[in-house]
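Colleague: Quick one: the structure is below, and I'll ask about it shortly.
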């Protein structure tokens, strides 16, 4: 267990906010570089214990694949993944019932403050994916296509896309 304690602390320090699927647009423009001098990962002996991920159900499949990969290196680690929604990640991290908190949204200011109050540092965010939505018009539909303002009109109450006409869905 001594070795696991070190790994657990390392994971808490590196991945505490887990996965954020919605990234601000400016993040996409930033060029990410990996240090070429970074050594390849080397497996260590004696790692065992529990690793819990609690958070976004949107990221369940990704967390499951990561868990399977981790388990191949460390079969003595019991990995549990619970997808109950992004809002469950911060309380689970703060309570210590999870070491990874996948979220499909950014942490709210009050969540960051509560985490920092408990641990004395801000959570580390690692962006891993970008949420997106695709809308298709079936070839048999009498509508040939929909513009972005029309899609906004269908799915939004605010109509920030600028389409004034009400589109009825039948």
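The values are calculated or read from the model by the stated rules, or taken from the named source; none is laboratory data. Small disclaimer: the values here were computed from a predicted structure and weren't measured. Counting neighbours? That spans all protein chains shown, and the Cβs are built from the backbone with ideal geometry, glycine included.
Colleague: Of the residues that make up segment 49-60, is at least one closer than 21 Å to residue 132 by Cα and over 13 Å from the mean Cα position of the chain (by Cα)?
Modeller: No: segment 49-60 contains no residue that is closer than 21 Å to residue 132 by Cα and over 13 Å from the mean Cα position of the chain (by Cα).
Colleague: Something else about it: Looking at (1) touching a residue at least 24 places away in the same chain (Cβ under 8 Å); (2) touching a helix residue (DSSP H, G or I) at 6+ places or on another chain (Cβ under 9 Å); (3) surrounded by 15 or more Cβ atoms within 10 Å (Cβ to Cβ), which is the only condition residue 112 fails?
Modeller: (1)
Condition check ((1) within 24 Å of residue 41 (Cβ to Cβ); (2) free of Cβ contacts under 8 Å to residues at least 24 places away in the same chain; (3) exposed (fewer than 15 other Cβ atoms within 10 Å of the Cβ)) across all residues:
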position	(1), (2), (3)
65	yes, yes, yes
73	yes, no, yes
79	yes, no, no
83	no, no, no
86	no, no, no
90	no, no, no
96	no, yes, yes
101	yes, no, no
104	no, no, no
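Colleague: While we're looking at this one, here's another question. Looking at segment 116-144 only, could you name the residues that are touching a helix residue (DSSP H, G or I) at 6+ places or on another chain (Cβ under 7 Å) and not in a loop (DSSP other than H, G, I, E, B)?
Modeller: Residues satisfying the conditions are 118, 126, 127.
Colleague: Name the pairs whose Cβ atoms lie under 9 Å apart, with the first residue in segment 130-158 and in contact (Cβ under 8 Å) with a residue 40 or more places away in the chain, the second in a loop (DSSP other than H, G, I, E, B) and surrounded by fewer than 13 Cβ atoms within 10 Å (Cβ to Cβ), and 6 or more positions between them or separate chains?
Modeller: The qualifying pairs do not exist here.
Colleague: Only residues that are out of contact with any helix residue (DSSP H, G or I) (no Cβ under 7 Å at 6 or more places or on another chain), under 19 Å from residue 99 (Cβ atoms) and modelled with pLDDT of 90 or more: list them for segment 33-50, please.
Modeller: Of everything in segment 33-50, just one residue is out of contact with any helix residue (DSSP H, G or I) (no Cβ under 7 Å at 6 or more places or on another chain), under 19 Å from residue 99 (Cβ atoms) and modelled with pLDDT of 90 or more, namely 50.
Colleague: A follow-up question, please. All but one of (1) assigned to a loop (DSSP other than H, G, I, E, B); (2) in contact (Cβ under 8 Å) with a residue 24 or more places away in the chain; (3) touching a helix residue (DSSP H, G or I) at 6+ places or on another chain (Cβ under 8 Å) hold for residue 162, so report the exception by its number.
Modeller: The number of the failed condition is (2).
Colleague: Among residues belonging to segment 122-145 that are more than 15 Å from residue 101 (Cα to Cα) and under 20 Å from the mean Cα position of the chain (by Cα), point out the one that is surrounded by the fewest Cβ atoms within 10 Å (Cβ to Cβ).
Modeller: Checked segment 122-145; the qualifying residue surrounded by the fewest Cβ atoms within 10 Å (Cβ to Cβ) is 134.
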